[in-house]
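Engineer: Right, I'll just put the structure down here and ask away after.
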Amino acid sequence: MSGHSAPDELLLDWATGALAPGLALAVALHVALEPVARRTAERLGDVAGALLEREAAADLDEDALDRTLARLGSVGIEPRPAPTPVRPGFEWAPPFLRPHLDLARDWRRVFGGFEEIRLALPHDRHRVSLLRLTPGRGLPMHRHVGAEFTVVLQGGYSDATGSYRVGDFAVGPGPEPHEPIADPGPPCIALIVLEEPIVLTSPWGRWLNPLVRRGLI
Amino acid sequence: MTPDEAADLVEAIAARQDRAAFAQLFRYWAPRIKAFLMRGGSDAEIAQEVAQEAMIRVWRKAASFDRRRASAATWIYAIARNKRIDLARRASRPAIETDDWLAVFATEEEDADKSVLAGQTYSRVKELLDDLSAEQLLVIRKAFFEDKTHSAIAHELGLPLGTVKSRIRLALSRLRERLEKDVR
């Protein structure tokens, strides 16, 4: 069993469409993979529909329906979109993540021994990445300036705040440095959204900080 | 309009381009979408225009509707919301695809029985909104109707962030609690 859910208010922000694309993607993955968050999201969907349905009907122009019907002649009904095929090696990705995993992007080794695929989301200045960690390996000790949002997609990891499994959601651990380590089993894959660059805190990591800040690594 | 009636009408459009079904949906939902948009701050003329555009999208996307995933009301809300976001932020941000929003609710292989359940739960939630306090409802309505984050709402209402968070959490636990009681 997991148990790391996103807070209700973040699920609400997601359901109303108010989040930036990267964070919205992270919450969507969490909702797709974690049953408790899924149920809350479904209830929020019900609430949204019910609020709309309970609105008192506003007056429309008398000819509004006729004008709309007249336009339908030129509007085809789109077939249900076919799901994007699964790219080999990416079977863990839920269907709506697949369009982001085109062949142009592949795992890239980063300092500290983990691999990264950076996702390009339009209109989002956050760093949105998939990270892959071999069991027993971890991210270098670092701390955060801005918020960090993590959702686990395969395997799991542990740090001082607990153990995280598939579907679990973690909101940045705050100003304390942390050092997540991948659990035994398949490699840990997670989507991470960073509002600000991290700050490496180990003695050898510190000299990399200028590059991290400039987004070069 | 019951969830089943609404879902049948959307499916009739998908199956046979049923214009009578569309007209029925339009008469019921377009005035509500217009009211929803006006509550979010649109003027009457723009609200009517966007409501019509939203209904045309209901027609165009009818084949993507899946009653196992969500009620027709929820699906129509999502379409109306995206049309409003399009309008408000045309320059700054592309619309979130409605399909993405609802795609996470159910995977293809989930069983068909879920459709009955989805409709029933929706109807029950609609009733249960009366159980929420006026303060809770205010925050949630603002979020859904004005496309604001909970922190923007806190700022606008001049309330501490913690107060807004706890209203949201209390409202949702109330819904969850009552729904669980129904099941037992």
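Engineer: Which of the residues in region B:28-60 lose at least 50 Å² of accessible area when you go from the chain alone to all protein chains together (probe 1.4 Å)?
Structural biologist: B:Pro31, B:Arg32, B:Gln48, B:Gln52, B:Ile56, B:Trp59, B:Arg60
Engineer: Could I ask something else about it? Could you run the numbers on buried accessible area between A and B, total for both chains, 1.4 angstrom probe, in Å² to the nearest 100?
Structural biologist: Details: alone 12990 and 11100 Å², together 18010 Å².
Rounded to the nearest hundred, the buried surface is 6100 Å².
Engineer: Which residues does the label zone of A:Glu78 cover in region B:34-58, counting backbone N under 20 Å from a point 7 Å along Cα→Cβ?
Structural biologist: Correct set: B:50-58.
Engineer: Roughly how many Å is it from the Cα centre of region A:62-127 to that of region B:13-64, as a whole number?
Structural biologist: For region A:62-127 versus region B:13-64, the Cα centre distance is 25 Å.
Engineer: Can you compute the modelled spin-label distance between A:Trp107 and A:Val86, with each label point 7 Å from Cα toward Cβ, in nm?
Structural biologist: 1.7 nm
Engineer: Can you run phi through the Karplus equation (6.51, -1.76, 1.60; θ = phi - 60°) for region B:161-169 and list ³J(HN,Hα) in whole Hz, with x for Gly and Pro?
Structural biologist: For region B:161-169, the Karplus curve yields 4, x, 5, 5, 4, 6, 5, 5, 5 Hz.
Engineer: Something else: Could you sort out which of B:Lys34/B:Lys61; B:Lys34/B:Lys83; B:Lys83/B:Lys148; B:Lys61/B:Lys126 sit more than 22 Å apart by Cα distance in this structure?
Structural biologist: Pairs exceeding the cut-off: B:Lys61/B:Lys126.
Engineer: So, one more: Given the Cα-Cα distance of B:Ser133 and B:Asp182 and 0.36 nm per residue of separation, how much length would full extension add, in nm?
Structural biologist: Separation in residues times 0.36 nm, less the Cα-Cα distance, equals 15.6 nm.
Engineer: Express the accessible area of region A:89-162 per residue in Å², computed with a 1.4 Å probe while the remaining protein chains stay in the model.
Structural biologist: 45 Å²
Engineer: Sticking with this one: Which order do A:Glu148, B:Glu5 take when ranked by solvent-accessible area (1.4 Å probe, heavy atoms of all protein chains), largest first?
Structural biologist: B:Glu5, A:Glu148
Engineer: Calculate, for A:Arg98 and B:Ala63, the FRET efficiency according to 1/(1 + (r/R0)^6) with r their C-beta to C-beta distance and R0 25 Å; round to the nearest 0.05. Each step should come with its number before you reach the end.
Structural biologist: Values: r = 20 Å, r/R0 = 0.81.
With a Förster radius of 25 Å, E is 0.80.
Engineer: So what J values fall out for region A:75-91 if you push phi through Karplus, 6.51 cos²θ - 1.76 cosθ + 1.60 with θ = phi - 60°, rounded to Hz, Gly and Pro as x?
Structural biologist: 10, x, 8, 6, x, 4, x, 6, x, 5, x, 6, 7, x, x, 10, 4
Engineer: Please give the Cα centre distance for region B:122-184 versus region A:1-41, rounded to the nearest Å.
Structural biologist: Computed from Cα coordinates, the inter-centre distance equals 16 Å.
The values are calculated or read from the model by the stated rules, or taken from the named source; none is laboratory data. Please read these numbers as outputs of a predicted model, since none were measured by experiment. We place every Cβ from the backbone using ideal geometry, glycine too, and count neighbours over all the protein chains shown. In case anyone asks, the SASA skips ligands and DNA or RNA and just uses the protein heavy atoms, side chains included. Shrake-Rupley method; radii C 1.70, N 1.55, O 1.52, S 1.80 Å.
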